[in-house]
Amino acid sequence: VTGFEKGLVREFLTEISASPSVQASPPGVAAALRGELLQPLRALNEGKANMQRTYAGQVIPPQYISDAIRGITEAAVSRPGGFSAWRYSNPRGVEQLRGLTREQSALWQEPFSMAHRGGLKTHEDDASELGLFWATKIGGPSHGFDYEAQCLLPLLCNARHKAVLVDDPGFPDHPCGRCHFRLLWAAPNGNGGATGGPRLWLEALHFDFGAIQKGLGQNFMPAVLRHAMTRSCALQAPLLVESKLIDMLKKEAADFGGEVRMNQERLILRPSNGVVEASDYLSRKHDWVNLEEEFTDLLQSAIFVPPDSPFAPIMQAAGWSSNSFSSTRPGPAQSPYERQQAGPVPLPSHSYHSAESFVMPFQDLSKRLDQFGTGPR
């Protein structure tokens, strides 16, 4: 390490108001600069005093906030890829994903992306995940690194939490749509859940105001649903979305097989590595301290159960056949993985990508994610 590189690290830590004891490297600082993290990291480090109460006034332990921000900062400047690695390897992150198979865990950690018709692209940032610092600046009003910043900590710190971002060629400078996307666990019998097991939880779509002014966005939500359903099929984890989206979900699910219906269950929130959890959909509290495992209230949603899901027989035994939706194709519904072996299947006119972009045997997914469209944006 040259004197210049040592000086660069020292000056960057000073500029973001971080402790000089933060473990940083020249390549890590260079990666942070490429990710435009100077402003977010400075706001987080200088704004700790404004992150000690939730929106409703609940006290947040100051030392826990300081520890979380130091963890974020050190991970982001430690080395290229250090931030993403930290999100999934910290003890609470490991606990949040406990119960997944090794293949499912690896698949969830991959920054999945998907191309759609018209040049639209949905993705979960790139392998660095440094784009998460800026994700909540898409649309608004919303929290961010400089406003109600404690609400951003769950997205930055938790292995269970991602964002689905939307790129449109008509708005080339940065993503112009985003949804919070979580991998949670359903409560077992006795707490409102019929099956237990993992659930993918997709929240509302936010649009960049500039994109709306350009007339963009009408095709964003179907593309996001297809992104999330592809994830659901690959992970074999049912997808939960807002109840009002059930008709759109049924329409987009027609090419996937599986079942769509209304659902009620409680979800488990394991402890947050970001001290708090924040959501207007998981709770009416907006943001709250989440240092111990807890259950949500009974949540109503629309659910997509992927074909061949191990949860399907249990749900059918619980009465799913009465109001469920399955593929409208003639004959038995095929799973996406069976379709890959049988050859490409023409998609209906409302579809947003080619069959080859998501259909493949599950056992090959973790090794062949490039066929999903994963890669540099």
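Bear in mind these aren't lab numbers, they're just calculated from the coordinates by the rules spelled out. Everything quoted here is computed from the prediction, not taken from an experiment. As a convention, Cβ positions derive from the backbone with ideal geometry for all residues, glycine included, and neighbour counts pool all protein chains shown.
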Square roots of five times the C-alpha gyration tensor eigenvalues of region 1-91, ordered largest first and given in whole Å, equal 25, 15, 11
Could you tell me which trypsin sites (Lys or Arg not before Pro) in region 214-256 are loop residues by DSSP with no more than 16 other beta carbons within 10 angstrom of their beta carbon?
-> Lys214
Considering only the other residues whose Cβ falls under 11 Å of the Cβ of Pro27, what net charge follows from Lys and Arg at +1 and Asp and Glu at -1?
-> +1
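Quick one, what does Rg over Rh come out to for region 133-209 if you take C-alpha atoms and the Kirkwood Rh?
1.08
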Extension length gain for Lys285 and Ser243 (0.36 nm per residue less Cα distance), in nm, is 13.1 nm
Cα-based reach from Lys121 at 19 Å (exclusive), listing lysines while leaving out same-chain residues under 8 positions away | Lys137, Lys162, Lys214
Give the distance, in whole Å, between the Cα centre of region 82-114 and the Cα centre of region 229-297.
-> 17 Å
Cβ-defined net charge surrounding Asn50, 14 Å radius [Lys, Arg +1; Asp, Glu -1] | -1
